[in-house]
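Read through the structure below, which is laid out as structure tokens, and then see the notes.
The values are calculated or read from the model by the stated rules, or taken from the named source; none is laboratory data. Just so we're clear, the structure is a prediction, and the values are computed from it rather than from any experiment. When we count neighbours, we look across all protein chains shown, and the Cβ atoms used for this are built from the backbone with ideal geometry, even at glycine. For accessibility, only protein heavy atoms count, side chains too; no ligands or nucleic acids. Shrake-Rupley method; radii C 1.70, N 1.55, O 1.52, S 1.80 Å.
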Amino acid sequence: MEQHDKSGAQLPVRWAVVLIVLLGSVVSPALSQDTVNEFWPEVDTFVTLSPKYRLFFMAQKSEDQDSEQERWQFGPNLDITLKPIVRMKFQTLDPEKRKYLTMRIGYRHLISQPGADENRMILELTPRFPLPKSFLLSDRSRMDLRWRNGFSWRYRNRLGVERNFKIRSFGFTPYVRSEIFYDSAVSRWNRLSYAAGVVVPIAKRVEIAPSFERQNISGSRTNHVNGAGLTLSLYF
């Protein structure tokens, strides 16, 4: 029985490794001159302060599509939630996903090498809705207040659906998401992204999430981006 449990617990991890390899093979060849392929590693750390408040620290590497330079971003966030009357029964290490409404106030410092640094204030509101067949729908609205060679703002709306699955006693969560961006610097909706991935617990307070994202951008040096992401999440 122990051998069966161990093999069942190892299967989602193996699937995650296979997905990472497949994503790497997908984004390695360039599809056209206006398409770039990137790898986005990220580390997220969550520290629960109380049932209503928690801290979230993030670090991510990506590429600035306007300057085509490597970019790192770091920042602290405060997550706020009203005490729920009823909690959703969604199996996850992230307790926020079991709450119907969460808010986030954050700061980002973006470092481009070479290039001008950017500072952002982040405001987010995310309602969640349980769907039939144990699916979970989330609708995140986010405002980025940006200071880089002047001030601008960007509105982002992201719709996502996810569902828990279990192999024996081990759970994992595939998801799909789509996000649209409005940028005040160009006064139009100029970016649309599609993403798919899977969240896999690998320890009591640790998750990994390999993903693939396609971005279509107008008014930029790069029109299309294929991004393979790998996020490590730590919960305390």
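Could you tell me which residue of segment 197-235 is least open to solvent (accessible area, probe 1.4 Å), considering only residues that are part of a strand (DSSP E or B) and charged (D, E, K, R)?
If we take residues in segment 197-235 being part of a strand (DSSP E or B) and charged (D, E, K, R), then Glu207 is least open to solvent (accessible area, probe 1.4 Å).
Could you please give the count of residues in segment 64-113 that are modelled with pLDDT under 80 and open to solvent by less than 60 Å² (accessible area, probe 1.4 Å)?
Within segment 64-113, residues that are modelled with pLDDT under 80 and open to solvent by less than 60 Å² (accessible area, probe 1.4 Å) number 9.
Only one residue in Ala116, Ala185 is modelled with pLDDT under 95, surrounded by fewer than 18 Cβ atoms within 10 Å (Cβ to Cβ) and under 20 Å from Gln60 (Cβ atoms), so which one is that?
Ala116
Please go through segment 122-149 and pick out each residue that is closer than 22 Å to Lys97 by Cα, among the basic types (Lys, Arg) and not in a strand (DSSP E or B).
Residue satisfying the conditions is Lys133 alone.
From the list Arg146, Arg191, Arg154, Arg140, which one is within 24 Å of His224 (Cα to Cα), open to solvent by 40 Å² or more (accessible area, probe 1.4 Å), out of contact with any Cys (no Cβ under 9 Å at 6 or more places or on another chain) and touching a residue at least 12 places away in the same chain (Cβ under 8 Å)?
Residue meeting the stated conditions: Arg191.
List pairs: first residue in segment 207-225 and at positive phi, second residue surrounded by fewer than 16 Cβ atoms within 10 Å (Cβ to Cβ) and basic (Lys, Arg) anywhere in the structure, Cβ distance under 9 angstrom, at least six positions apart or on different chains.
If the second residue must be surrounded by fewer than 16 Cβ atoms within 10 Å (Cβ to Cβ) and basic (Lys, Arg), the pairs left are Gly219/Arg188.
Residues of segment 150-196 being in a strand (DSSP E or B) and more than 21 Å from Glu213 (Cα to Cα), which ones?
Within segment 150-196, Phe151, Ser152, Trp153, Phe165, Lys166, Ile167, Phe170, Gly171, Arg188 qualify.
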